[in-house]
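Below is one structure, written out as structure tokens, with a few remarks after it.
Taken together, the values in this text are just the output of simple stated rules run on the coordinates, not laboratory data. A quick note: this is a predicted structure, and the numbers were derived from the prediction, not measured. So basically every Cβ, Gly included, is an ideal-geometry build from the backbone, and we count neighbours across all protein chains shown.
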Amino acid sequence: MTTHHQECHTVHMKRTSLMLNEQLLEEAQRLAGDRTYSATVNRALEDFVRRAKAQRILELRDSGLWQGDLGTMRRDSQEPEI
């Protein structure tokens, strides 16, 4: 007997009107290969958020609030215990 489990995910979307540079939007859509303007705008927003979070991590590293060597920590966690 096979049991199937289905997962449900809620996606929150917001309908809005935006004034966008039409040429820039069309170029972004073409470069991304997206079928819709919404997909292109969502891709751009996701990319912006990812980059902004990465920048904050870099700023934290340079702030002195966090000390350590992440590269060393990562190597330590990958080495087998003897």
Given Cβ charges of +1 for Lys and Arg and -1 for Asp and Glu, the option among 65, 48, 31 whose Cα lies farthest towards the positive end of the dipole of segment 22-76 is 65
Label point 7 Å out from residue 18 along Cα-to-Cβ: which residues of segment 33-61 have amide N under 15 Å?
-> 34-50
Quick calc: nm separation of the 7 Å Cα→Cβ label points for residue 36 and residue 50 -> 2.1 nm
Where nothing but the Cβ of Lys and Arg (+1) and of Asp and Glu (-1) is charged, how large is the charge dipole of segment 22-76 around its Cα centre, in debye to the nearest 20?
-> 220 debye
In sequence order, what are the phi-derived ³J(HN,Hα) couplings for segment 23-40 according to the Karplus relation 6.51 cos²θ - 1.76 cosθ + 1.60 with θ = phi - 60°, rounded to whole Hz, with x for glycine and proline?
-> 5, 5, 4, 5, 5, 4, 4, 5, 5, 7, x, 6, 8, 10, 5, 4, 5, 5
